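First comes the structure, then the notes that go with it.
Read-outs: derived from the displayed coordinates by stated rules, not from any lab. Small disclaimer: the values here were computed from a predicted structure and weren't measured. No Cβ is skipped: glycine too gets one built from the backbone with ideal geometry, and neighbour counts run over all protein chains shown.
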């Protein structure tokens with residue numbers, strides 16, 4: 001920002017605070033005004049947009065201790081230099097005053113504004129380096145969050161997010177978004193001298209009673225009966241796109257995982273699988289016929305020890 005701009009603008013008045021206001025008072029005043037004049041809250045309102053830029057500019061300077069000190073010093077010199085002087089009773093500007101102080105007698109060369117401050121800053125005629133205009137910067141990002149269902153995370157959805165300024169912003173959540181992932185909406189953050197920052201939305205995905213996500217794969221535990229696991233069968237299992245049939249090989253043990261390719265999470269870059277884990281369901285109560293059949297099976301397999309290999313491997 002040029003020095004002349006700082007002289008002509010009263011940033012304290014723009015924010016409606018006293019020149020001795022604390023940093024907290026400046027912050028509160030800025031937030032209050034920013035909520036009122038934010039472009040999202042005043043669409044197609046040129047006056048509100050201009051006011052918002054003035055508020056942001058004032059806050060950028062006054063919220064930075066170094067810039068605020070420089071601004072106060074320059075304003076103090078500017079106001080102190082504007083007094084009546086000379087034989088004509090006119091108003092003396094910066095060059096008039098410093099020319100009288102530093103000029104040579106007898107009509108010699110007078111130093112101008114840039115000469116004097118260039119000498120202070122060590123930069124010759126390059127100007128007062130302490131008051132150089134900072135490069136334009138984008139405004140800060142706005143961070144917020146939202147919670148969506150498991151189904152919404154799979155198919156994608158649109159959410160209406162209320163920002164810290166009270167503005168309502170429509171945010172598109174892409175299909176396949178993960179729990180904890182951040183969705184960026186460009187140009188919907190706070191205004192800065194170099195443009196607006198972004199809106200950063202952290203997405204939380206609610207759990208599902210049946211499906212569990214594992215990267216791009218979906219895990220599913222499916223109960224099977226003892227006879228289905230031993231003899232093999234074909235069962236129906238739910239997927240993200242409806243039910244499908246899958247074969248259970250004979251002799252399957254509890255914990256065996258069957259893979260359904262292409263039935264996982266689909267994104268623009270990758271498609272996962274569904275991993276079906278078999279869980280043998282043991283009935284808590286048996287009728288007489290079922291109990292007799294199990295006892296007969298036990299007698300027929302009495303010479304089979306399912307833990308034999310475990311005992312061998314466990315020996316030290």
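How would you rank 169-176, 195-202, 306-313, 247-254, highest first, on the average number of other Cβ atoms within 10 Å across their residues?
195-202, 169-176, 247-254, 306-313
Starting from the Cα gyration tensor of region 19-58, take the square roots of the eigenvalues, sort them a ≥ b ≥ c, and report rounded, prolate or oblate (rounded when a/c is under 1.5, otherwise prolate if a/b is larger than b/c, else oblate).
Prolate shape, in that a/c is at least 1.5 and a/b is the bigger ratio.
Using DSSP, restrict attention to beta bridges with both residues in region 142-205 and report what percent are antiparallel, rounded to the nearest 5.
Beta bridges within region 142-205, antiparallel portion: roughly 65 percent.
When the label point is put 7 Å from the Cα of residue 48 along its Cα-to-beta-carbon vector, which residues of region 168-206 have a backbone N closer than 13 Å?
Under 13 Å, as judged by backbone N against the label point of residue 48, lie 168-169 of region 168-206.
Please report how far the C-alpha centroid of region 20-64 lies from that of region 179-208, rounded to the nearest whole angstrom.
Cα centroid of region 20-64 versus Cα centroid of region 179-208: 21 Å apart.
Can you list the equivalent-ellipsoid semi-axes of region 212-314, largest first and in whole Å, using the square root of 5 times each Cα gyration tensor eigenvalue?
Ellipsoid semi-axes (Å, largest first): 34, 18, 10.
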